[in-house]
1. May I have the pair-distance distribution P(r) for the chain, computed from all Cα-Cα distances with 10 Å bins from 0 and rounded to whole percent?
2. Counting other beta carbons within 10 Å of each residue's own, what order do W27, W147 fall into, fewest first?
3. Among bridges DSSP assigns within segment 1-160, what percent are antiparallel (round to 5)?
4. Once the Cβ-Cβ distance between A13 and E115 is put in as r, and R0 is 22 Å, what FRET efficiency do you end up with, to the nearest 0.05?
5. Among T39, T69, T153, determine the one that fluctuates most according to a GNM of the chain built with springs between C-alpha atoms less than 10 Å apart.
6. If you line up the long axis of helix 91-103 against the longest principal axis of the chain, both from Cα atoms, how many degrees apart are they, to the nearest 10?
7. Does anyone have the angle between helix 179-191 and the longest principal axis of the chain? Alpha-carbon axes, 0 to 90°, nearest 10?
8. For the Cα atoms of the chain, what angle does the longest principal axis make with the long axis of helix 27-39, in degrees from 0 to 90, nearest 10?
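Each reported figure results from applying straightforward, stated rules to the coordinates on display, with no laboratory input. What you are looking at is a predicted structure, and each value in this text was computed from that prediction instead of being measured. With ideal geometry, Cβ positions are generated from the backbone for all residues, glycine too; neighbour counts draw on all protein chains shown.
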Amino acid sequence: MTRHEGDMERTFAALPPAHGRGFAQTWWGQAWLRALEDTALDSGQVKTGRGLARAGAVGAVSVRPGRITAVVQDRDRTTHRADVLLAELPAEQWDRLLDLAVERSGHVAALLDREMPTHLVEDAASEGIDLLPGLGDLEPECDCGAWDHCGHTAALCYQVARLLDQDPFVLFLMRGRAEDALLEALRARSAAPAETAPEPDGVDAAEAYAAGDILP
């Protein structure tokens, strides 16, 4: 269940323990976890976080521009507030990303189906717009005192991978644009009339005939 705190914050109820593979069934969810695993200096902490998330130790997740937050319970039942920061896209990059989204047919429909269009991410990256996080982009903060990714921030990232699998708009919100505002901007761009084509050079046929430029 998702609770909307406002246009720029969503809170997702705690998910039950994960069974089977459990995490990152989609290509964009897998890219999210690669960013965590490539960034964290201690693979043991990543493994601990995966175990905590799998056990259902991550509480409700708050998602807002630039930050995700949850309370994570250790195996000894102590709790810690974990945050992971992801930079928002600047306004000019958002404008270009929206333009790219409507340039190819199918992008908007895919988003409405809760799918992340591969070509949209690739086209954006080719213009220097990184929608998905990469190495070093997921910045951890935790009240346990760790300065790098700890088991708590890793657990939060694994839980968010499950949320991203279900709804890629979670990533757009982290990058600074709420779902309703994003869809409204896409609709406005899709409905914008095409520029009127310029009239070709030349003169009216009747005028040309009267001037003797056309032989009878």
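1. Once binned at 10 Å, the Cα pair distances of the chain give 8, 31, 28, 14, 6, 4, 4, 3, 2, 0, 0.
2. Sorted ascending by nearby Cβ count, the order is W147, W27.
3. Numbers: 22 of 22 bridges.
Restricted to segment 1-160, the bridges split so that about 100 percent are antiparallel.
4. It comes to 0.40.
5. It is T39.
6. Once rounded, the angle reads 60 degrees.
7. 10 degrees
8. Taking Cα atoms only, the helix is inclined about 50 degrees.
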